[in-house]
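Just below is one structure, and these are the notes that go with it.
The values are calculated or read from the model by the stated rules, or taken from the named source; none is laboratory data. Since this is a predicted model, take the numbers as computed values, not measurements. No Cβ is skipped: glycine too gets one built from the backbone with ideal geometry, and neighbour counts run over all protein chains shown.
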Amino acid sequence: MTTTNYPNLFEPLRVGNKTIKNRVLMGSMHTGLEDRAKNYPKLAEYFRQRAAGQTGIMVTGGIAPNVSGWVGPFSGFLKYGFQVKRHKLVTAAVHQEGSLICMQILHSGRYGYHPFNVSATDKQSPITPFKPKKLTDKKIRKQIHDFVNCARLSQKANYDGIEIMGSEGYLINQFISPRTNDRDDQWGGSYENRTRFALEIVKQTRKAVGEDFIIIFRLSMLELVNNGSSIDEVIRLAKDLEKAGVSIINTGIGWHEARVPTIATMVPRAGFAWVTELIKKEVSVPLVTTNRINHPQVAEDIIASGKADMVSMARPFLADPDLVKKSQAGQEQDINICIGCNQACLDHVFQNKRASCLVNPAACHETEFVKQPISKMKNIAVVGAGMAGLSCSTTLAERGHQVTLFEAANKIGGQFNLAAAIPGKEEFVHTINYFTHLLNKHDINLKLNHKPSESELSQFDEVVIATGVTPRVPGIEGIDHEKVILYHDLLSGRKQAGKKIAVIGAGGIGFDVSEYLSVENPDEAQSIADFCAEWGIDQRIESPGGLIKAHDEKSAREIYMLQRKTTKPGKGLGKTTGWIHRLSLKKKGVKTITGVSYDKIDDAGLHIRVKEKPQVLDVDHVIICAGQISNKELHREEAENYHIIGGADLAAELDAKRAIKQGTLLGQKL
């Protein structure tokens with residue numbers, strides 16, 4: 001089935017003796033389910049749903065070929081015959097739905113978070129605490145053997161192929177790049193020697209698995225670290241990989257230790273497709289492009305323009321397993337779009353938690369999030385149309401309940417509307433649009449500008465309180481001064497800020513507000529060229545690693561960001577994105593002050609003390625980002641049919657991830 005909207009995207013692709021039914025590859029994502037045998041039934045259901053969603057070909061999370069290749073202690077590996085059985089659960093589920101699946105073989109090398117890690121040299125990674133052991137010639141050959149053995153076992157498990165992870169700074173990449181390989185033997189030094197490890201793995205694997213088994217190689221095309229590979233070396237390796245027998249080359253962007261954003265929401269859509277285009281004209285095997293492709297039209301444009309033969313979408317399949325099916329049916333409004341937040345996927349993985357998705361909490365929890373049909377229809381009121389109220393309302397209505405959604409404001413979305421105003425978070429509006437569509441689709445009675453009375457709510461069988469939060473106003477003398485602006489008044493556009501600003505609070509909202517204020521035109525989305533200039537990305541990849549001097553665009557305002565704590569500002573930000581926000585503001589010249597006590601606000605500005613030394617910040621406005629308090633006004637704890645969720649339940653560390661999950665779970669329960 002194809003749609004005229006995306007003819008190139010849904011064109012089949014023949015690879016060897018196999019046909020991939022469209023040009024969509026679901027990229028590898030570590031979910032946490034791969035690491036325990038007991039979780040493979042859950043992993044099988046996770047992949048089955050995405051296969052049923054008509055994904056062309058999928059790649060598993062990384063599976064190590066041996067213990068030294070572990071990403072972390074006891075992570076997934078495939079070395080022994082008895083381990084094949086669990087993988088057959090996954091392949092059987094996928095094949096039942098008519099899709100293809102490849103297993104990614106990933107050796108972490110010096111990125112391994114364990115004391116057994118190894119590498120081309122004994123240089124320690126800046127992001128792990130364990131120094132690797134330098135592999136001897138004999139042990140290098142043993143590693144190659146283990147890669148080949150892992151591929152053989154994956155074939156026995158009925159995978160359609162493998163993806164060899166040769167990018168992102170993992171072991172194979174550590175051999176390829178001069179940054180991490182200064183050996184003086186046949187495995188290091190010259191280009192031929194540095195690429196020998198990768199090419200031997202491919203050649204020996206191809207010989208072992210035969211011609212019909214798909215071999216994808218994830219090639220590091222843009223490393224974004226100093227002393228990395230040049231474009232000439234990348235092209236040369238791509239050609240050598242083709243000769244060695246790879247079926248498909250997948251694009252790898254950046255190393256984990258790189259200080260350049262590559263998949264976070266501030267990266268423009270298809271922000272690295274130009275990298276794949278540079279390589280595509282040099283080889284004849286199909287090339288896959290990747291990173292920040294989250295909508296079928298973006299994917300179609302890439303294929304149609306000839307930048308790549310396929311597109312890899314990873315996190316978008318966490319957000320919506322039926323992305324492809326909906327695109328084919330012309331039901332784009334039904335797609336739950338990935339917003340690139342990383343909060344429930346990568347942040348979870350790097351905290352040794354099971355991955356999920358902020359906008360789809362059922363991701364990687366498919367066997368636990370099951371919408372049961374209702375036994376009796378109820379008339380249910382949901383008060384508050386923020387993320388908690390929206391997820392609860394739509395889940396209830398989808399199951400068959402009659403739902404009335406009350407919202408005191410003139411539009412839905414709550415605090416998410418404020419987040420969508422932040423530069424680099426423009427895509428958050430897609431989640432609001434998605435819920436708007438669901439409200440109409442499920443005939444939910446939406447009452448805007450309406451705060452229900454107790455008597456109104458008494459007419460309903462169940463009442464869900466999702467009234468959210470209000471900004472916390474600290475007890476500072478002069479807090480009612482005209483210089484003071486609460487963050488929600490600023491981000492909603494109700495109030496404007498001057499040129500000299502003090503931001504009270506250096507949590508997530510403080511950082512967002514500072515980012516908003518630092519940009520001249522926060523409503524304008526950044527172009528790919530401007531993004532590359534800001535972060536020092538060489539779009540010709542002439543410099544080794546693809547880095548050039550970054551263009552530091554100074555803040556549009558003089559900004560001071562203050563906090564009472566003496567800890568590093570932004571300590572509680574996202575595990576995988578916090579460094580981006582801190583570095584972005586630093587590059588723009590935003591000043592941070594810690595250990596602050598606030599004396600008063602008056603015409604002279606903000607009076608503070610730092611280490612007991614008084615000073616006055618001569619500012620036009622003081623923006624208050626000092627947390628939130630729950631709005632529990634309508635909640636009745638004694639009433640069994642009253643339920644409270646989201647920010648109304650808990651304001652601390654306000655979190656849309658928690659709000660959507662709470663709303664969904666309650667919607668499945670009532």
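Once region 650-670 is narrowed to residues that are surrounded by fewer than 18 Cβ atoms within 10 Å (Cβ to Cβ) and over 16 Å from Ile380 (Cβ atoms), the residue that is modelled with the lowest pLDDT is Glu653. Against the list (1) in the same structural domain as Ala52 (by TED's automatic domain parsing); (2) more than 17 Å from Thr576 (Cβ to Cβ); (3) surrounded by fewer than 23 Cβ atoms within 10 Å (Cβ to Cβ), the condition Arg259 fails is (2).
Right, Ile412: outside the structural domain of Ala659 (by TED's automatic domain parsing), β-branched (Val, Ile, Thr) and either surrounded by fewer than 21 Cβ atoms within 10 Å (Cβ to Cβ) or in contact (Cβ under 8 Å) with a residue 12 or more places away in the chain (or both) or not? Walk me through how you get there before you give the answer.
Numbers: outside the structural domain of Ala659 (by TED's automatic domain parsing): no; β-branched (Val, Ile, Thr): yes; either surrounded by fewer than 21 Cβ atoms within 10 Å (Cβ to Cβ) or in contact (Cβ under 8 Å) with a residue 12 or more places away in the chain (or both): yes.
No.
Considering the conditions (1) surrounded by 19 or more Cβ atoms within 10 Å (Cβ to Cβ); (2) closer than 30 Å to Val267 by Cα; (3) among the hydroxyl-bearing types (Ser, Thr, Tyr), Thr467 is excluded by exactly one of them, (2). For region 114-123, the criterion of being out of contact with any Asp or Glu (no Cβ under 8 Å at 6 or more places or on another chain), buried (at least 19 other Cβ atoms within 10 Å of the Cβ) and assigned to a helix (DSSP H, G or I) is met by no residue. Filtering region 12-47 down to residues that are free of Cβ contacts under 8 Å to residues at least 60 places away in the same chain and part of a loop (DSSP other than H, G, I, E, B), which residue is farthest from Cys102 (Cα to Cα)? Among residues in region 12-47 that are free of Cβ contacts under 8 Å to residues at least 60 places away in the same chain and part of a loop (DSSP other than H, G, I, E, B), the one farthest from Cys102 (Cα to Cα) is Arg36. Entry remark, region 327-352: residues being touching a residue at least 12 places away in the same chain (Cβ under 8 Å) and under 22 Å from Ser99 (Cβ atoms) number 11 in total. Residue-level check: of (1) closer than 21 Å to Phe435 by Cα; (2) under 21 Å from the mean Cα position of the chain (by Cα), Lys371 misses just (2).
Residue by residue, here is whether (1) at pLDDT below 95; (2) in contact with a Leu (Cβ under 9 Å, 6 or more places away or on another chain); (3) not β-branched (Val, Ile, Thr) holds:
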{"site": "Leu241", "(1), (2), (3)": "no, yes, yes"}
{"site": "Ser247", "(1), (2), (3)": "no, no, yes"}
{"site": "Ile253", "(1), (2), (3)": "no, yes, no"}
{"site": "Thr265", "(1), (2), (3)": "yes, no, no"}
{"site": "Phe272", "(1), (2), (3)": "no, yes, yes"}
{"site": "Val283", "(1), (2), (3)": "no, yes, no"}
{"site": "Thr290", "(1), (2), (3)": "no, yes, no"}
{"site": "Val298", "(1), (2), (3)": "no, no, no"}
{"site": "Ile302", "(1), (2), (3)": "no, yes, no"}
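Residues in region 48-57 that are of a type in the set (A, V, I, L, M) and in contact (Cβ under 8 Å) with a residue 60 or more places away in the chain: Ala52, Ile57.
Return a yes/no flag: does region 525-538 have any residue that is surrounded by fewer than 17 Cβ atoms within 10 Å (Cβ to Cβ), under 22 Å from Gly228 (Cα atoms) and of a type outside the set (Phe, Trp, Tyr).
The initial filter retains those residues of region 525-538 that are surrounded by fewer than 17 Cβ atoms within 10 Å (Cβ to Cβ), namely 525, 527, 529-530.
This time we only want the ones that are under 22 Å from Gly228 (Cα atoms), so: 529.
Now narrow it down to the ones that are of a type outside the set (Phe, Trp, Tyr): 529.
Yes, the conditions are met somewhere in region 525-538.
Restricting attention to region 124-163, the residues that are in contact (Cβ under 8 Å) with a residue 60 or more places away in the chain and either part of a loop (DSSP other than H, G, I, E, B) or among the β-branched types (Val, Ile, Thr) (or both) add up to 10. When Pro115 is tested against (1) touching a residue at least 40 places away in the same chain (Cβ under 8 Å); (2) within 30 Å of the chain's Cα centre (by Cα); (3) over 28 Å from Pro544 (Cβ atoms), only condition (1) is not met. Being over 30 Å from Ala258 (Cα atoms) and within 26 Å of the chain's Cα centre (by Cα) holds for only one residue in Ala93, Ala157, Ala64, and it is Ala93.
Among the residues that make up region 569-579, is at least one of them basic (Lys, Arg) and either touching a strand residue (DSSP E or B) at 6+ places or on another chain (Cβ under 8 Å) or free of Cβ contacts under 8 Å to residues at least 12 places away in the same chain (or both)?
So the first thing to find is which residues in region 569-579 are basic (Lys, Arg), and the list is 571, 575.
This time we only want the ones that are either touching a strand residue (DSSP E or B) at 6+ places or on another chain (Cβ under 8 Å) or free of Cβ contacts under 8 Å to residues at least 12 places away in the same chain (or both), so: 571.
Looking through region 569-579, at least one residue is basic (Lys, Arg) and either touching a strand residue (DSSP E or B) at 6+ places or on another chain (Cβ under 8 Å) or free of Cβ contacts under 8 Å to residues at least 12 places away in the same chain (or both).
Residue count for region 543-553 satisfying the condition of being modelled with pLDDT of 90 or more and loosely packed, with under 13 Cβ neighbours inside 10 Å: 1.
If I filter region 62-89 down to residues being closer than 9 Å to Asp35 by Cβ and touching a helix residue (DSSP H, G or I) at 6+ places or on another chain (Cβ under 6 Å), which single residue comes out as surrounded by the most Cβ atoms within 10 Å (Cβ to Cβ)? Step by step, filter region 62-89, then rank; the result is Gly76.
Among the residues of region 211-230, are any in contact with a strand residue (DSSP E or B) (Cβ under 8 Å, 6 or more places away or on another chain), among the acidic types (Asp, Glu) and not in a loop (DSSP other than H, G, I, E, B)? For region 211-230, residues in contact with a strand residue (DSSP E or B) (Cβ under 8 Å, 6 or more places away or on another chain), among the acidic types (Asp, Glu) and not in a loop (DSSP other than H, G, I, E, B): absent. Of all the criteria given as (1) part of a loop (DSSP other than H, G, I, E, B); (2) over 22 Å from the mean Cα position of the chain (by Cα); (3) within 25 Å of Arg179 (Cα to Cα), the one not satisfied by Ile279 is (1).
If you go through region 487-498 one residue at a time, do you hit one that is in a loop (DSSP other than H, G, I, E, B) and either of a type in the set (Lys, Arg) or not assigned by TED's automatic domain parsing to the domain that holds Gly595 (or both)? Within region 487-498 (the criterion being in a loop (DSSP other than H, G, I, E, B) and either of a type in the set (Lys, Arg) or not assigned by TED's automatic domain parsing to the domain that holds Gly595 (or both)), the answer is yes, since at least one residue qualifies.
Scan region 223-231 and give yes if some residue there is within 18 Å of Ile249 (Cα to Cα), polar (S, T, N, Q) and surrounded by fewer than 19 Cβ atoms within 10 Å (Cβ to Cβ), otherwise no. Among the residues of region 223-231, at least one is within 18 Å of Ile249 (Cα to Cα), polar (S, T, N, Q) and surrounded by fewer than 19 Cβ atoms within 10 Å (Cβ to Cβ), which makes the answer yes. Determine whether region 164-178 contains at least one residue that is in a helix (DSSP H, G or I), in contact (Cβ under 8 Å) with a residue 24 or more places away in the chain, farther than 30 Å from Gly56 by Cβ and touching an Asp or Glu at 6+ places or on another chain (Cβ under 9 Å). Checked region 164-178: no residue is in a helix (DSSP H, G or I), in contact (Cβ under 8 Å) with a residue 24 or more places away in the chain, farther than 30 Å from Gly56 by Cβ and touching an Asp or Glu at 6+ places or on another chain (Cβ under 9 Å). Report yes if some residue within region 282-293 is outside any loop (DSSP other than H, G, I, E, B) and either among the charged types (D, E, K, R) or more than 27 Å from Gly112 (Cβ to Cβ) (or both); otherwise report no. Yes, because at least one residue in region 282-293 is outside any loop (DSSP other than H, G, I, E, B) and either among the charged types (D, E, K, R) or more than 27 Å from Gly112 (Cβ to Cβ) (or both).
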